[in-house]
Amino acid sequence: MLRSADPGERDEVAYLAMVHRVGSGAEDGDLVALGDEMAGRLADPEIQARTFAALILAEVVERDMATGRADAEAVLRWRDAFAAWYPAEQDLRGWDDRLGWLHAVAHGADALALFGRSPRLGREDLRGLLAIARERMLAKTDYVFRDQEEDRLAYALALVLSRPELDEYDSVGWLAPLSETFAAGEPGPVPAFATNAMRTLRMLYMHCDRGFLFPEATQGDMTAETTRVGYPEALKQALADVLRLTWPYLA
């Protein structure tokens, strides 16, 4: 049903049921097998199968964080499948009148966020996640992010950048290819990928400046603790330097 072209069956029945089953522990005995199944579906020929597999894979990674029912080898195997899919996905439709929500960018960002929080990933793995997000931003496409897709990707980046394993160089070094791409830009219409990258980086700057909440924080909970990226001032400066290449009036 998670492959179904019927959005009612897929979104309102299968997806919600699987989120409940994973979160309640009903799948704990088969958590690795379920993760492997979802990782395999990232190569499915049907777009809705790929994008909803990413969402369930995120749930599986989160469940492992709570229970330890998987292992590092499995989580990294899933990460590898995700890394092969996310930057390369060509069908970036958000809403489709027939298929409903597809949302590859947003669903992939949600999976990236959970991989970014998993203790199974070490420093080099986290650096790899930053590269995956960057390549998604820079991927050539005619599709301009919408429906807050850039917000979800920026939030995932902020979660990765809050990990203490990353040093200051890691926190800013991943931006270098973005700087090079923007610096090489030519006069004319702004390419969709450049717009996507600019919008994502602007929201990431906001997270660096204001901080952010973990997903489990209750909306409107004034006692929720604000989280910060590891090197906010260095990262804000680096982001401003990149964005100034596209908007020279930035002070």
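The values are calculated or read from the model by the stated rules, or taken from the named source; none is laboratory data. Predicted model, so just to flag it, every value in this text is computed and none were measured. So basically every Cβ, Gly included, is an ideal-geometry build from the backbone, and we count neighbours across all protein chains shown.
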Return only the number of the condition from (1) closer than 30 Å to residue 66 by Cβ; (2) touching a residue at least 60 places away in the same chain (Cβ under 8 Å); (3) polar (S, T, N, Q) that residue 179 does not satisfy. (1)
Is the range 57-68 home to any residue that is modelled with pLDDT of 95 or more, under 19 Å from residue 122 (Cα atoms) and over 21 Å from the mean Cα position of the chain (by Cα)? yes
For the structure I just gave you, tell me whether residue 42 is closer than 19 Å to residue 104 by Cβ, buried (at least 21 other Cβ atoms within 10 Å of the Cβ), of a type in the set (A, V, I, L, M) and assigned by TED's automatic domain parsing to the domain that holds residue 88. yes
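Residue-wise test of (1) closer than 25 Å to residue 84 by Cα; (2) of a type in the set (A, V, I, L, M); (3) in contact (Cβ under 8 Å) with a residue 60 or more places away in the chain; (4) in contact with a strand residue (DSSP E or B) (Cβ under 8 Å, 6 or more places away or on another chain).
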site: 11; (1), (2), (3), (4): yes, no, yes, yes
site: 16; (1), (2), (3), (4): no, yes, no, no
site: 21; (1), (2), (3), (4): no, no, no, no
site: 26; (1), (2), (3), (4): no, yes, no, no
site: 31; (1), (2), (3), (4): yes, yes, no, no
site: 42; (1), (2), (3), (4): yes, yes, no, no
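Can you report the number of residues in the range 149-188 which are outside any loop (DSSP other than H, G, I, E, B) and of a type in the set (Gly, Ala, Ser)?
Going through the range 149-188 one residue at a time, the tally reaches 8.
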Tell me which residues, restricted to the range 96-111, are outside any helix (DSSP H, G or I) and surrounded by 23 or more Cβ atoms within 10 Å (Cβ to Cβ). 103
Select, from 94, 108, 25, the only residue that is farther than 25 Å from residue 141 by Cα and small (Gly, Ala, Ser). 25
Just a yes or no: is a residue in the range 205-212 buried (at least 18 other Cβ atoms within 10 Å of the Cβ), more than 28 Å from residue 58 (Cα to Cα), out of contact with any strand residue (DSSP E or B) (no Cβ under 8 Å at 6 or more places or on another chain) and of a type outside the set (D, E, K, R)? no
Which of (1) within 21 Å of residue 127 (Cβ to Cβ); (2) buried (at least 19 other Cβ atoms within 10 Å of the Cβ) is the odd one out, the single condition residue 167 does not satisfy? (2)
Out of curiosity, is residue 37 part of a helix (DSSP H, G or I), over 16 Å from residue 114 (Cα atoms) and assigned by TED's automatic domain parsing to the domain that holds residue 101? yes
So residue 217 fits all but one of (1) modelled with pLDDT under 95; (2) over 26 Å from residue 89 (Cβ atoms); (3) in contact with a helix residue (DSSP H, G or I) (Cβ under 9 Å, 6 or more places away or on another chain); what number is the exception? (3)
Go through 135, 73, 62 for me and flag whichever is over 20 Å from residue 215 (Cβ atoms), surrounded by fewer than 23 Cβ atoms within 10 Å (Cβ to Cβ) and not assigned by TED's automatic domain parsing to the domain that holds residue 181. 73
